[in-house]
Amino acid sequence: MHPDSAGSSYNIKNMDNKTRIETVLHYHTRTKHQPDRFARGPHHMDWANEPEPFRFFEGAALFRLPFLAQDPAAGFLSLFDRAEPSPLPLSLDHIASMLELSMGLSAWKSFGRNTWALRMNPSSGNLHPTEAYVILPPTDIFPDHGGIFHYNPYVHGLEKRSSFDREFWQKIRDHVGTDGFFIGLSSIHWREAWKYGERAFRYCNHDLGHALACLSFAAGLHGWRVTWLSCLADDDVGILLGFDRTAWHASEQEYPDLLLLVHSCREEPKTLDLSPEIVGAFSSLSFEGLPNRLSKGHANWKIIEEAAAAAEKPRTDAMKCLFGNNEYAVKDAAMSGAAVIRRRRSAQAYDGVTAAKRDAFFSLLDKTVPRQGHAPFDAGLGKVSVHLALFVHRVDDLQQGLYFLCRDHSDILHIQHCCHRSFLWERVKAAPESLALFLLEAGDYREKATAASCFQEIAGDSAFSLGMIAKFRENIEKEPWSYRRLFWESGMIGQVLYLGAEALGLRGTGIGCYLDDMVHHLLGITDDSYQSLYHFTVGGAVEDRRITTLPPYHHLSAGNQK
């Protein structure tokens, strides 16, 4: 492997804001792929140190959760607009089903002697750096106390890390002003760095965005909503989850990312904060369980530590933004929302023939546009920052070419100013009014799309592919920690595209490998006002029939348990 020098001691507390901005910008520039070189990664796949795919807390009490006997019947569109169902009680059974449909396993795959698990939440390289924790009030199963638990998807269970009494929880409930519970998400950077090296910090935050969208959709099927407590600092989240009292193995620590409040979709919390007094009360709790070792050996990617420290979030004002509330353009997909969630897979190859129907294409893009009170973008990440540059290859009744979807109309003039002066910026008249969709240049972009995505054929063999173009320097200079938030927004868009493609009988694939500046050159972007953060492609998938699919929890059957 190709490690950086060890011994990094970077910490946000030792950085001024100018240094944080410079460090984030340096990380982003340094980790760009170029036609003549990729961002630095391991020289070879160190299979002997491949990370264990599941986190366990050894010595912590394990509570197995019940599986859904029957999936919710709500239709696909209800994942977004929450027209149904009515809010369900906050019972442990319902909490279990939300976790099953968001962070649980979706299947096992087998090829030869190799087997690997797939999850509801997708991940770069199927490495899954994102871990989930729940902070629960006293429930029907734990009537006398609440607690802090790690969700273990391998066994679909909760590992108890700490507990507190009813009075402790009541103060929290009074503070937020609504019944509910909390979900905390964290990242293990080593899981991605093992394979991808210094670019891993980007991918961890992509995955965080996917997980956030998964939780938002699964909550909606229960009549609930997830809301980011955006005032909290990363340090606060770490204290709430007991990370400061956990004996992490070297290079395998978890970095706290965010805390979500899960509550009825018909209620609003009084605050997006937890007071210093409440956070302080959590610091007095003791925590059980030791994290399992993921790898015997590690490479130290110092630049990831630097970027993570520079992008650490302090306490801030709440992230709030009001969106429009247009009707969805097409009432499509008769299948249930839960069925689409369970079927989601990443395509490994496309047939180069299948076309998307034009209205289906519009409908899919339409769901990436935020709407007030609609999942997943009402989780509270703030103002829209990410737009879509689209390479349209095979969409019926729509000419091939380079298109641009502006997800926030107020950015149109600025984006036009940053792009090639020769572009048409011709509004697509057939598109619904909610879509600010423009044709930039007609023509066959299959080769260019393939080249821009690290010469991967999936970008040209699909019906269409795209790059997610983020308003960049302005956000970083204002708040360096928003670097992570831009990737979260990109991951959320990716999850919308994944589910939308499945509902249409197509298949999507997230692409983390792309030639950053080649994309900018195609668009005419000459500075870092906007940057490409994530690629995605949708089309007719080619299935590898040599691979066997097994049920998600077949390993828990008698005689087959770990």
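Just to be sure, is residue 169 open to solvent by 10 Å² or more (accessible area, probe 1.4 Å) and without any contact (Cβ under 8 Å) to a residue 60 or more places away in the chain? Quick ask: steps written out before the conclusion?
Working: open to solvent by 10 Å² or more (accessible area, probe 1.4 Å): yes; without any contact (Cβ under 8 Å) to a residue 60 or more places away in the chain: yes.
Against the criterion (open to solvent by 10 Å² or more (accessible area, probe 1.4 Å) and without any contact (Cβ under 8 Å) to a residue 60 or more places away in the chain), residue 169 qualifies.
Residue-wise test of (1) at pLDDT below 95; (2) in contact with a Ser or Thr (Cβ under 8 Å, 6 or more places away or on another chain); (3) over 27 Å from residue 79 (Cα atoms).
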site	(1), (2), (3)
442	no, no, yes
450	no, no, yes
453	no, yes, yes
476	no, yes, yes
508	no, yes, no
519	no, yes, yes
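Open to solvent by less than 10 Å² (accessible area, probe 1.4 Å), in contact with a helix residue (DSSP H, G or I) (Cβ under 7 Å, 6 or more places away or on another chain) and in a loop (DSSP other than H, G, I, E, B): which single residue out of 252, 192 fits that description? Steps first, please.
Working: 192 fails: in a loop (DSSP other than H, G, I, E, B).
Residue meeting the stated conditions: 252.
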Answer yes or no as to whether residue 313 is modelled with pLDDT of 95 or more, open to solvent by less than 10 Å² (accessible area, probe 1.4 Å) and on the phi < 0 side of the Ramachandran plot. yes
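Is it the case, given these coordinates, that residue 381 is within 24 Å of residue 212 (Cα to Cα), in contact with a helix residue (DSSP H, G or I) (Cβ under 8 Å, 6 or more places away or on another chain) and open to solvent by 10 Å² or more (accessible area, probe 1.4 Å)? Before the answer, list the steps.
Working: within 24 Å of residue 212 (Cα to Cα): yes; in contact with a helix residue (DSSP H, G or I) (Cβ under 8 Å, 6 or more places away or on another chain): yes; open to solvent by 10 Å² or more (accessible area, probe 1.4 Å): yes.
So residue 381 fits the description; yes.
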Pick from the stretch 356-365, criterion more than 19 Å from the chain's Cα centre (by Cα) and part of a helix (DSSP H, G or I), ranking: farthest from residue 466 (Cα to Cα): 359
Give the residue, chosen from 348, 372, that is assigned to a loop (DSSP other than H, G, I, E, B), of a type in the set (S, T, N, Q), touching a residue at least 12 places away in the same chain (Cβ under 8 Å) and more than 30 Å from residue 107 (Cβ to Cβ). 372
Name the residues in the stretch 46-65 that are closer than 15 Å to residue 148 by Cα and under 22 Å from the mean Cα position of the chain (by Cα), would you? 56
Which residues, counting only those in the stretch 520-540, are part of a loop (DSSP other than H, G, I, E, B) and among the β-branched types (Val, Ile, Thr)? 525, 526
Can you tell which of 106, 102, 124 is under 24 Å from residue 187 (Cβ atoms), hydroxyl-bearing (Ser, Thr, Tyr), touching a Gly at 6+ places or on another chain (Cβ under 9 Å) and in contact (Cβ under 8 Å) with a residue 60 or more places away in the chain? 124
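In this structure, does residue 184 turn out to be within 21 Å of residue 264 (Cα to Cα), part of a strand (DSSP E or B) and free of Cβ contacts under 8 Å to residues at least 24 places away in the same chain? Talk me through it step by step, then tell me what you get.
Working: within 21 Å of residue 264 (Cα to Cα): yes; part of a strand (DSSP E or B): yes; free of Cβ contacts under 8 Å to residues at least 24 places away in the same chain: no.
For residue 184, the condition - within 21 Å of residue 264 (Cα to Cα), part of a strand (DSSP E or B) and free of Cβ contacts under 8 Å to residues at least 24 places away in the same chain - is not met.
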Top-ranked residue of the stretch 433-461 - restricted to ones that are assigned to a loop (DSSP other than H, G, I, E, B) and either touching a Gly at 6+ places or on another chain (Cβ under 6 Å) or open to solvent by 30 Å² or more (accessible area, probe 1.4 Å) (or both), ranked as nearest to residue 394 (Cα to Cα): 444
Within the stretch 119-130, how many residues are part of a strand (DSSP E or B) and surrounded by 24 or more Cβ atoms within 10 Å (Cβ to Cβ)? 1
Counting just the residues of the stretch 487-499 that are among the hydrophobic types (A, V, I, L, M, F, W, C) and over 11 Å from the mean Cα position of the chain (by Cα), which one comes out farthest from residue 21 (Cα to Cα)? 499
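Residue by residue, here is whether (1) touching a His at 6+ places or on another chain (Cβ under 9 Å); (2) of a type in the set (Ser, Thr, Tyr); (3) closer than 27 Å to residue 128 by Cβ holds:
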site	(1), (2), (3)
22	no, no, no
30	no, no, yes
61	no, no, yes
67	yes, no, yes
79	no, no, yes
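The values are calculated or read from the model by the stated rules, or taken from the named source; none is laboratory data. Just so it is clear, the structure is predicted and the values come from calculations on it, not from any experiment. FYI the Cβ positions are ideal-geometry reconstructions off the backbone, even for glycines, and counts take in every protein chain you see. SASA here: full protein model, heavy atoms, side chains in, ligands and nucleic acids out. Shrake-Rupley method; radii C 1.70, N 1.55, O 1.52, S 1.80 Å.
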